[in-house]
Amino acid sequence: MSTNVALELIDVVKAFGPSTVIRGANLQVRRGERHALIGPNGAGKSTLFHLISGLFPLTSGEIRLHDQVISGLEPYEINRRGLSRSFQITNIFPRLSVFENLRLGVLARHGVRFDLVRSVNWLSQINAETAMLVDRVRLSSRSDIAAGELTYSEQRALEIGMALATGAEVILLDEPTAGMSREETAYVVELVREVTQDKTLLVVEHDMSVVFGLCDRISVLVYGQVLATGTPEEIRTNRAVQEAYLGEEHEEAA
Ligand SMILES: Nc1ncnc2c1ncn2[C@@H]1O[C@H](COP(=O)(O)OP(=O)(O)OP(=O)(O)O)[C@@H](O)[C@H]1O
Ligand SMILES: [Mg+2]
């Protein structure tokens, strides 16, 4: 594998009892790209994310992050190696403020050991980093508000902030705009674009205008296998993809 591949899935299989959901999935996400994972409902997109982030063990196959095998590791170990996932499982504490939530992420990154001898400088450094992060996800005016009081799209912004707080280089987002109005979607997409500028993004998204507008490359997962990977234009014009997936969408929309 070349070093410009951030994340690689090799013949990944996942069975739940008698039903095999992921059936030999192969995928390469390049370092620094924004890569969309699309596919019909039940194709296995979220399951694939659970496998990548270490929540579920693989039945067979291998997953590599920056050329190191991560399949078999615990989620926190995978996170420590530079992969962070957000959505569908959230680590947000609703009663803590936006600032406090993000500070937990920053603390996790620095490996806090509750050492009483730590200097005041250290704490102000943590607070300064947290403030920058609050600003980065555009929640400065909401910094002291309990996370549970945020609007839906602001909560998504906070979750993106949590993913960033740990300093991960590879970010996984599962349907970041699900259930959002056009306006909220635009806000979150801009945010995702901004905060992933110097990162690698793998995003599951059903909204094709978001996918085609945000991502450099797209992979299509159908029935637990990656049917095709390519640029938006290549995917749009791919016959097999049209038949298996995009065609369906057009019919539904018509
Ligand atoms: N823990 C589990 N045990 C058994 N079957 C599961 C489990 N998790 C998911 N599945 C099955 O795996 C298949 C893929 O589900 P998954 O949630 O990964 O699809 P998806 O592509 O994310 O769909 P959607 O677009 O609706 O979010 C589904 O048929 C689902 O019922
Ligand atoms: Mg899903």
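The values are calculated or read from the model by the stated rules, or taken from the named source; none is laboratory data. This one's a predicted model, so the numbers in the text were calculated from it and none came from an experiment. Here Cβ is always computed from backbone atoms with ideal geometry, including for glycine, and neighbour counts include all displayed protein chains. Quick note on the areas: whole protein, heavy atoms, side chains included, nothing else; ligands and nucleic acids left out. Shrake-Rupley method; radii C 1.70, N 1.55, O 1.52, S 1.80 Å.
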Would you mind estimating how fast the stretch 1-68 diffuses translationally, via Stokes-Einstein at 25 °C and 0.890 mPa s with the Kirkwood radius over Cα pairs, in µm²/s?
197
Counting only the heavy atoms of the protein chains, how much of TYR223 is accessible to a 1.4 Å probe, in Å² to the nearest 10?
150
Translational D (Stokes-Einstein, µm²/s) of the stretch 20-112 at 37 °C and 0.692 mPa s when Rh comes from the Kirkwood sum over C-alpha pairs?
216
Expected-Rg normalisation [2.2 N^0.38 Å, Cα atoms] applied to the chain
1.04
With the chain treated as a Gaussian network of Cα nodes joined by springs under 10 Å, which of ARG109, ARG182, ARG156 yields the largest mean-square fluctuation?
ARG182
Karplus-derived 3J(HN,Hα), 6.51/-1.76/1.60, for each residue of the stretch 193-201, Hz, glycine and proline x:
4, 5, 6, 9, 4, 10, 10, 10, 10
I'd like the orientation of helix 120-136 relative to the chain: the angle between its Cα long axis and the longest Cα principal axis, in ° from 0 to 90, rounded to 10.
40
Of the options SER153, PRO176, SER209, report the single residue whose Cα projects farthest towards the positive end of the charge dipole of the stretch 147-214 (beta-carbon charges: Lys, Arg +1; Asp, Glu -1).
SER209
I'd like the orientation of helix 152-165 relative to the chain: the angle between its Cα long axis and the longest Cα principal axis, in ° from 0 to 90, rounded to 10.
80
